[in-house]
Amino acid sequence: MESSAAPALVWFRQDLRRADNPALAAAAKTGRPLALLYVLDDETPGRWALGGASRWWLHHSLEALSADFARLGARLILRRGRAGDVVPAFAAEIGAAEVFWNRCYEPYAVARDAALKTALTSSGRIVHSFNGVLLREPWEVRTGQDGPFKVFTPFWRALRQMGPPRQPLPAPSKFSSIDAASEELDAWGLTPKTPNWAHGFSERWKPGEAGARATLKRFVEKRLGAYPEDRDFPARDGASRLSPHLHWGEVSPVQVWAAAEGNDGAEKFLSELGWREFSTHLLFNAPDLPERAWRQSFDHFPWRTDEAAFKAWTRGHTGYPLVDAGMRELWATGAMHNRVRMVAASFLIKHLLIDWRRGQDWFWDTLVDADLANNAASWQWVAGSGADASPYFRIFNPAAQGARFDAEGAYIRQWVPELAALPDAHIHAPAEAPPALLAQAGVRLGATYPAPIVEHAMARARALAAFEHVKAAA
């Protein structure tokens, strides 16, 4: 182990943890004193700067990581500004000999990090980057023709054939560190003030590495076995709730894999990790995925502009209870059940013919697990414009989806309480319920609960006609 007075700089990004952190582990092994840095960069990502829900999560995750390091006698140093400027300036300020980070894969991050590596190297510093957030690098999983994959199933098969991922790394617990001027986390204003729209987040989430570890343990021990069935039913506690912890790197997919593999229900759950990998694979190979349709024929799709309908969708006032429940859950908790996400996204795109990018942007601002690759790939999957996309003619009927996956209406009653007194047989389509029954339940369509903003059969026919327009233009 080398001993030197020149420090090593560890730059944290989407890896807000100590355990299984390749960059931190490698830096600690040098024997150099460590400078632990996080940079809040609101400029480089441009329109993909952090949304409101993400900023809430980041505040609490940094708070947890700072406390974790403080227990070891170390300090997480906070700086704000363009990372491309802040990191080299900070490295010069402390006289860093080496710089360590775990790679990010968003297009702006790839370009920024390449420029940073050049600048740091030219100043005489050694730069080390690692894979700390994926099972495999996007460029490692290749087709037989040495190209990127376009379909999930062969991608997943190829990834599995590469063998299991590496073993998780232990958290370094003994290292010397240096201090430097740091901004105050509270001064960044990441959490909302008044009105506090995030007041319900803390009831569901515990950001930070300890919270991630507890969530993973609870899921594997109590819910993984039933996951293949329960995952589709929003009223059941069947989801892993790991996605924001994974996005922020409070737990790594390698750790999740190691905890889940070999248990009942693991294969289906691990394939969901595979979808996360596939989304990053797509974005890395198609950097304009969040802005342009992957299938270029969809550039000709006849999108509608309907601000009133879009606002009704964002507020959960569409008149379709399952859609409304999901959108209200999203606003209240920063998350939405995955099955309901598909239905809500399909409704915006196919019932309202509103551009998928509008929905993607709304989710970017309101999801605590907002991830550029997952968000773009998933919205394009629903739209039919993406790789391995859902068939264009699959147009979810929200009432039928509700009756199938929330038969007793428990999810609806939780998030759309004004419909709570309706019987199960009518709670998914109150507009079709007998007037006397509505009156008995205290439901007045257009007053206590909105009438449907669009009629399903008409919307389906209109969407199919629009997709035929795309086929003709292909």
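The values are calculated or read from the model by the stated rules, or taken from the named source; none is laboratory data. Keep in mind the model is a prediction, meaning the values are calculated, not measured. Methodologically, a virtual Cβ is constructed for each residue, glycine included, from the backbone with ideal geometry; neighbour enumeration extends over all protein chains shown.
Would region 216-237 turn up any residue that is touching a helix residue (DSSP H, G or I) at 6+ places or on another chain (Cβ under 8 Å) and within 22 Å of residue 54 (Cα to Cα)?
Checking region 216-237: at least one residue is touching a helix residue (DSSP H, G or I) at 6+ places or on another chain (Cβ under 8 Å) and within 22 Å of residue 54 (Cα to Cα).
Hey, among the residues in region 287-315 that are hydroxyl-bearing (Ser, Thr, Tyr) and modelled with pLDDT of 95 or more, which one's surrounded by the fewest Cβ atoms within 10 Å (Cβ to Cβ)? First the steps, then the outcome.
Within region 287-315, the subset hydroxyl-bearing (Ser, Thr, Tyr) is 297, 305, 314.
If we keep only those that are modelled with pLDDT of 95 or more too, we end up with 305, 314.
Numbers: 305: 10, 314: 18.
That would be 305.
Condition first: part of a helix (DSSP H, G or I) and surrounded by fewer than 14 Cβ atoms within 10 Å (Cβ to Cβ). Now tell me which residues in region 179-190 satisfy that.
186, 187
Based on this model, can you work out whether residue 115 counts as surrounded by fewer than 21 Cβ atoms within 10 Å (Cβ to Cβ) and touching a residue at least 24 places away in the same chain (Cβ under 8 Å)? Step through it out loud before you land on a result.
Numbers: surrounded by fewer than 21 Cβ atoms within 10 Å (Cβ to Cβ): yes; touching a residue at least 24 places away in the same chain (Cβ under 8 Å): yes.
Considered against the rule, which asks whether it is surrounded by fewer than 21 Cβ atoms within 10 Å (Cβ to Cβ) and touching a residue at least 24 places away in the same chain (Cβ under 8 Å), residue 115 comes out as yes.
Identify all residues within region 377-396 that are out of contact with any helix residue (DSSP H, G or I) (no Cβ under 6 Å at 6 or more places or on another chain) and modelled with pLDDT of 90 or more; write none if there are none. Don't jump to the end; show me each part of the working.
Filtering region 377-396 down to residues out of contact with any helix residue (DSSP H, G or I) (no Cβ under 6 Å at 6 or more places or on another chain) leaves 378, 380-381, 384, 391, 393-394.
Correct list: 378, 380, 381, 384.
For every residue, the table says whether it meets (1) part of a loop (DSSP other than H, G, I, E, B); (2) more than 30 Å from residue 79 (Cβ to Cβ); (3) not assigned by TED's automatic domain parsing to the domain that holds residue 162.
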{"position": "192", "(1), (2), (3)": "yes, no, yes"}
{"position": "203", "(1), (2), (3)": "no, yes, yes"}
{"position": "213", "(1), (2), (3)": "no, no, no"}
{"position": "228", "(1), (2), (3)": "no, yes, no"}
{"position": "232", "(1), (2), (3)": "yes, yes, no"}
{"position": "239", "(1), (2), (3)": "yes, yes, no"}
{"position": "244", "(1), (2), (3)": "no, no, no"}
{"position": "262", "(1), (2), (3)": "yes, yes, no"}
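All but one of (1) assigned to a loop (DSSP other than H, G, I, E, B); (2) in contact (Cβ under 8 Å) with a residue 40 or more places away in the chain; (3) more than 22 Å from the chain's Cα centre (by Cα) hold for residue 138; state the number of the condition that does not hold.
(3)
From the set of residues in region 243-263 that are under 19 Å from residue 333 (Cβ atoms) and in contact with a Phe, Trp or Tyr (Cβ under 7 Å, 6 or more places away or on another chain), which is surrounded by the most Cβ atoms within 10 Å (Cβ to Cβ)?
Of the residues in region 243-263, the ones under 19 Å from residue 333 (Cβ atoms) are 243-248, 250.
From what is left, the residues that are in contact with a Phe, Trp or Tyr (Cβ under 7 Å, 6 or more places away or on another chain) are 244, 248.
Details: 244: 25, 248: 28.
Result: 248.
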